[in-house]
1. Using beta carbons and a limit of 8 Å, which pairs, at least six apart or on different chains, have the first residue in segment 49-61 and on the phi < 0 side of the Ramachandran plot and the second one crowded, with 21+ Cβ neighbours inside 10 Å and small (G, A, S)?
2. Could you figure out which of (1) within 28 Å of I94 (Cβ to Cβ); (2) open to solvent by 70 Å² or more (accessible area, probe 1.4 Å); (3) assigned to a helix (DSSP H, G or I) isn't true of L185?
3. Of all helices (runs of 4 or more DSSP H) completely enclosed by segment 51-151, which ones contain at least 1 residues that are open to solvent by 30 Å² or more (accessible area, probe 1.4 Å) and under 30 Å from P35 (Cβ atoms)?
4. Is it true that L240 is in contact (Cβ under 8 Å) with a residue 60 or more places away in the chain and in contact with a Cys (Cβ under 7 Å, 6 or more places away or on another chain)?
5. Here's a check for you: in segment 193-230, which residue that is at pLDDT below 80 and open to solvent by less than 80 Å² (accessible area, probe 1.4 Å) is farthest from T139 (Cα to Cα)?
6. Under 6 Å by Cβ, and 6 or more places apart or on different chains, what pairs join a residue from segment 64-84 that is more than 15 Å from P3 (Cβ to Cβ) with one that is open to solvent by less than 10 Å² (accessible area, probe 1.4 Å) and not basic (K, R)?
7. I'd like to check something: does segment 204-225 contain any residue that is touching an Asp or Glu at 6+ places or on another chain (Cβ under 9 Å) and within 27 Å of L91 (Cα to Cα)?
8. Within segment 1-27, work out how many residues are under 16 Å from S96 (Cα atoms), open to solvent by 70 Å² or more (accessible area, probe 1.4 Å) and either under 19 Å from the mean Cα position of the chain (by Cα) or charged (D, E, K, R) (or both).
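The values are calculated or read from the model by the stated rules, or taken from the named source; none is laboratory data. Small disclaimer: the values here were computed from a predicted structure and weren't measured. Backbone-built Cβ (ideal geometry, glycine too); neighbour counts: all protein chains shown. The accessibility values were calculated without ligands, DNA or RNA, using every heavy atom of the protein model including side chains. Shrake-Rupley method; radii C 1.70, N 1.55, O 1.52, S 1.80 Å.
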Amino acid sequence: MIPDFHLHPDVLALVAVLAVGWWWLESRIRPLVAPDSEPATSRQRAAWYSGVALIVIAAGWPIHDIAEEVLFSFHMVEHLILGYVVPPLLLVGIPSWMGDYVLGRERVARVIRPFANPVAGFFAFNFAIVAVHWPEAITWQNTNEWSHFLIHLTFFATALMLWLPLFSPTEAIPTMQPPMKMLFLFLCTIIPTVPASFLTFSDTQLYPTYGDLPLTWGLTAVQDQTTAGIIMKLAGAFYLLS
């Protein structure tokens with residue numbers, strides 16, 4: 001069962017700001033504030049707009065609606081896209097001049113740096129990934145669309161904290177050395193094992209807003225839950241390790 005087509009104006013507004021904002025900065029602001037800087041490369045342009053497109057795909061119809069109304073495993077896919085795939089694409093898509101102009105100003109960087117260090121990013125994101133999968137949090141997300149949007153926005157913000165020390169677009173926010181990046185990403189595979197294990201091995205339904213029907217797409221609520229746990233652990237871990 002696929003829910004009826006439904007626009008998500010909050011998501012569309014966000015992606016419009018991201019899409020138009022990047023274009024405006026690159027085409028209108030760069031010639032004024034950094035005329036000698038190199039234009040954005042095709043790789044950077046593709047990375048940015050791929051990240052924006054994935055926000056539309058993950059947080060729009062039908063994936064978001066299936067995730068909210070039908071299958072928890074789709075909810076997990078949505079979270080992995082928004083937490084693991086979109087942030088690095090957006091950060092890679094920011095040219096260095098744009099990073100310096102938007103994030104690298106001393107007053108801005110001074111505020112961001114405490115949140116963009118590896119320790120803060122690690123604990124904030126991993127706390128968020130556990131918190132957003134707490135049964136009460138899932139019920140709250142599934143019963144109020146604006147709550148769902150705000151929780152996703154907070155989750156996405158912690159994901160940016162996680163990825164900034166890896167792909168910072170400005171020297172004002174330093175990145176780790178490659179060996180430390182590898183260790184950092186390896187450590188990020190450990191904590192999600194806890195909620196993933198509960199989901200994978202639980203034989204009771206943890207989320208009352210799912211599984212009203214005996215079978216949904218051939219899955220019981222517990223089987224759907226198990227699938228979500230496997231996706232969380234294996235897909236997330238393989239992605240980070242690769």
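1. From segment 49-61, the pairs are Y49/G93; S50/G93; G51/G93.
2. (2)
3. 86-92, 96-102, 106-112
4. Values: in contact (Cβ under 8 Å) with a residue 60 or more places away in the chain: yes; in contact with a Cys (Cβ under 7 Å, 6 or more places away or on another chain): yes.
Taking the combined requirement at face value, the residue satisfies it.
5. Here is the first cut: in segment 193-230, the ones at pLDDT below 80 are 211-218.
Subset that is open to solvent by less than 80 Å² (accessible area, probe 1.4 Å): 211, 216, 218.
Values: G211: 13, T216: 18, G218: 23 Å.
Taking the candidates together, the pick is G218.
6. S73/D224; S73/A228; M76/A228; M76/M232; L80/G236; I81/A58; L82/A58; G83/A159
7. No, there is no match, as no residue in segment 204-225 is touching an Asp or Glu at 6+ places or on another chain (Cβ under 9 Å) and within 27 Å of L91 (Cα to Cα).
8. Total meeting the criteria: 0.
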